[in-house]
């Protein structure tokens, strides 16, 4: 399922939200007049190639906002088959080379200069989690901020440390970004209509109100919430595949990914 989101004050620039209904997750294609940037692609790479082709914007950059635990990333292979530059956060730990380090304040340069894409280090869900700020108006938040919650901090690394990082990250985003910045998340909760025509998004001020109402940005509450929350199925296998420590037969991807994503802490959890 796809829908378009126009980037404010950018003539010819838009974001295409690609929603994967079976997993409740999203990836994005940022299109300007001459090239495309793909963010958080799934293993179903043909869809990104097709959409970029229909837009007349070849894929020149591929980004993973973090090392995914609920689904197999298509970023490395998509970059390989399109000749695009691959961007990954080295803090998430990858066992292969050939990617450009994605660190805080990294800018993804496009020839048209119409679209400014700046990386913001937003640790907590993973140590190297990054969000992408587009023209200071749109935030692709990966699994850090959802529209009704936050990413869980207990799948990679120390829960104590990650919960505190996640709390600090939320405060930083709420304090430093314009309140009308539109959030485009990596996952959606059950309260959202994935079949809707328009993009699923909300101003960061609305996201902030939902999260603070549930008190789910407090590190102690975060730790409490994840204690009895089931983890994604096969998440350790998926992490090994996405890090490059293991390989995966493409015919097995759907089987390995079966089940709900379980990467988020919703404001409705309690």
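Values as computed for the structure displayed
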quantity: Where residue 115 falls short, out of the listed (1) assigned to a loop (DSSP other than H, G, I, E, B); (2) without any contact (Cβ under 8 Å) to a residue 12 or more places away in the chain; calculated: (2)
quantity: Hey, residue 133 surrounded by 17 or more Cβ atoms within 10 Å (Cβ to Cβ), at pLDDT below 95 and in contact with a strand residue (DSSP E or B) (Cβ under 8 Å, 6 or more places away or on another chain) or not; calculated: no
quantity: Tally, over segment 144-182, of residues that are buried (at least 16 other Cβ atoms within 10 Å of the Cβ) and closer than 20 Å to residue 243 by Cβ; calculated: 11
quantity: Of all residues making up segment 226-251, the number that are within 22 Å of residue 93 (Cβ to Cβ), part of a loop (DSSP other than H, G, I, E, B) and touching a residue at least 60 places away in the same chain (Cβ under 8 Å); calculated: 5
quantity: Residue that is surrounded by the most Cβ atoms within 10 Å (Cβ to Cβ), among those in segment 1-30 that are at pLDDT 85 or above and in contact with a helix residue (DSSP H, G or I) (Cβ under 9 Å, 6 or more places away or on another chain); calculated: 27
quantity: Residues within segment 84-98 that are more than 19 Å from residue 122 (Cβ to Cβ), free of Cβ contacts under 8 Å to residues at least 60 places away in the same chain and assigned to a loop (DSSP other than H, G, I, E, B), tallied; calculated: 3
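The values are calculated or read from the model by the stated rules, or taken from the named source; none is laboratory data. Quick caveat, the model's predicted, so the values are computed rather than measured. Glycine also receives a Cβ, built like all others from the backbone with ideal geometry; neighbour counts cover every protein chain displayed.
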